[in-house]
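**Student:** Shown below is the structure under consideration.
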Amino acid sequence: MRISVINGPNLNLLGKRDKSLYGSLTLTEIETGIKQRFPEIEFSFFQSNIEGEMIDRIQISSGKSDALIINPGGYAHTSVALKDALSELKIPVVEVHLSNLAAREDYRQVLLSASVCNGYISGFKEKGYYAAVELLKDIIENKGGSF
């Protein structure tokens, strides 16, 4: 099983950003934790602060991966282009946010990208990625069946 993980803007600053919102781990530490927790899965990790680079990576993930985890960061609330790219995928997608968006600013309540994903996870810091992997494994192993 192959899962792509795409992280968006400012996630390269994890470990330095507000730890109460985003946790204390760096992005590299989160990636290492995912690989250690799921050694049977082949992961590809990508992070960019550039919307177009993320879209390019989304477009190629369908042919290279069985599923996608995306943390689009702030683009989740603003990017129609990112939403459109995700809507074209033929693989399952789970959106992850480290912070609890429901407890944050009003503008963070609109999730354009999540509307075209199988679902989203918010507020569990790095554990959200682990949950996303578990959910995607279940979707793939049950061939798209419901939970």
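Read-outs: derived from the displayed coordinates by stated rules, not from any lab. Values in this document were obtained by computation on a predicted structure and should not be read as measured data. Cβ placement follows ideal geometry from the backbone for every residue including glycine, while neighbour counts extend to all protein chains displayed.
**Student:** Which net charge results for the neighbourhood of ILE6, defined as the other residues with beta-carbon distances under 11 angstrom from its beta-carbon, given Lys and Arg at +1 and Asp and Glu at -1? Each step should come with its number before you reach the end.
**Tutor:** Working: positive: ARG57; negative: GLU53, ASP56, GLU95.
For residues surrounding ILE6, the net value is -2.
**Student:** Out of residues 5 or more away from SER44 or on other chains, whose amide H comes under 5 Å of its own, with H placed 1.01 Å from N in the peptide plane?
**Tutor:** Correct list: ILE3, SER4, VAL5.
**Student:** On full extension of the chain, what length is gained from ASP56 through GLU88, given 0.36 nm per residue of separation minus the C-alpha to C-alpha distance? If you can, show how the numbers build up before the last one.
**Tutor:** Numbers: separation 32, 0.36 × 32 = 11.52 nm, distance 1.24 nm.
Separation in residues times 0.36 nm, less the Cα-Cα distance, equals 10.3 nm.
**Student:** Which residues' amide hydrogens lie under 5 Å from the amide hydrogen of ASN100, considering only partners 5 or more residues apart or on another chain, with H built in the peptide plane?
**Tutor:** GLY123
**Student:** Test of understanding: ordering TYR107, TYR75, TYR129 by Cβ neighbours within 10 Å, fewest first, what list do you get? It would help to have the intermediate numbers written out before the result.
**Tutor:** Working: TYR107 9, TYR75 21, TYR129 24.
In increasing order of surrounding Cβ atoms, one gets TYR107, TYR75, TYR129.
**Student:** As an exercise, use a Förster radius of 22 Å and the Cβ-Cβ distance of GLN109 and VAL80 to find the FRET efficiency, rounded to the nearest 0.05.
**Tutor:** 0.85
**Student:** Additional query: If neighbour count is taken as other Cβ atoms inside 10 Å, put GLU88, GLU126, GLU134 in order from fewest to most. Let's see the in-between values first.
**Tutor:** Numbers: GLU88 10, GLU126 19, GLU134 13.
Final ranking by Cβ density, sparse to dense: GLU88, GLU134, GLU126.
**Student:** Would you count, across the range 1-138, every pair of lysines whose alpha carbons are under 26 angstrom apart, provided the pair is eight or more residues apart or spans two chains?
**Tutor:** Going through the range 1-138 pair by pair, I get 22.
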